[in-house]
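Below is one structure, written out as structure tokens; comments come after it.
The values are calculated or read from the model by the stated rules, or taken from the named source; none is laboratory data. Every value quoted in this text rests on a predicted model; they were computed, and no experiment measured them. Glycine also receives a Cβ, built like all others from the backbone with ideal geometry; neighbour counts cover every protein chain displayed. The accessibility values were calculated without ligands, DNA or RNA, using every heavy atom of the protein model including side chains. Shrake-Rupley method; radii C 1.70, N 1.55, O 1.52, S 1.80 Å.
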Amino acid sequence: MKLDLSYARAPNVFNSGYRMDAISYLVGPVFYPSNGNLLSTYAHILVGGARVAGPFPNANGGLSIGYVNYLAWAFGGGAEYRLSPALGFRVGVDYLRTHFVNSSRGVRGQNDLRIVNSLVYYFGKSPRSRR
């Protein structure tokens, strides 16, 4: 199982002085098609929610501030390369489906591609190999 928490922020949307935030909280199973000593691959399917908040264009040509907390899901996979017994490097690519408020104040779906690079620390493992 995997718990995936992510946060993204844009500091000045439409040069308005307002920021946009996206927080997602997802959970789901992880599958390991190959799990070698140095290289492992994985795939996951995650379901949960996302909160997207910030300015959006309105019908009058200005900006309104709003947020939506709605169902979100993701699927994807990646690879992990073991650098040492205690450290690894992971690259993942996901399709992420979230929602946002559009100019007519309706909730619309949004398709995203998420690319993540991570350093992984394996608890309980020695940082160096024993010889």
| remark: Counting only residues 5 or more apart in sequence or on a different chain, those whose built amide H sits under 5 Å from that of residue 64 are 56, 58
| remark: Given 37 °C, 0.692 mPa s and a Kirkwood radius over Cα pairs, the Stokes-Einstein diffusion coefficient of segment 72-121 in µm²/s is 255
| request: Do me a favour and compute the ellipsoid semi-axes for segment 23-117 from its Cα gyration tensor, root of five times each eigenvalue, largest one first, whole Å. | output: 37, 13, 10
| said: If I stretch the segment between residue 102 and residue 30 completely, what's the gain in nm (0.36 nm per residue apart, minus their alpha carbon distance), one decimal? | reply: 22.6 nm
| query | Rounded to the nearest 20 Debye, what is the dipole magnitude of the chain about its Cα centre when Lys and Arg each give +1 and Asp and Glu each give -1 at the C-beta? | reply | 460
| query | According to a simple spin-label model (label point 7 Å from Cα along Cα-to-Cβ), what is the distance in nm between residue 45 and residue 2? | reply | 1.4
| query | So, with a 1.4 angstrom probe, what is the percent of accessible area on the chain that is carbon and sulfur? | reply | 58
| note | Residues whose built amide H sits under 5 Å from the amide H of residue 18, excluding neighbours closer than 5 in sequence, are 13
| said: For Cα pairs less than 8 Å apart in space and 6+ apart in sequence, what is the mean separation divided by the residue count of the chain, i.e. the relative contact order in percent? | reply: 18
| Using the Karplus equation 6.51 cos²θ - 1.76 cosθ + 1.60 (θ = phi - 60°), what ³J(HN,Hα) coupling, rounded to whole Hz, does each residue of segment 60-76 give in order, writing x for Gly and Pro? | 8, x, x, 10, 10, 9, x, 8, 9, 10, 8, 4, 9, 8, 8, 9, x
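Calculate, for the chain, the solvent-accessible area per residue in square angstrom, rolling a 1.4 angstrom probe over the heavy atoms of the protein chains.
Working: 8750 Å² over 131 residues.
Here the per-residue accessible area is 67 Å².
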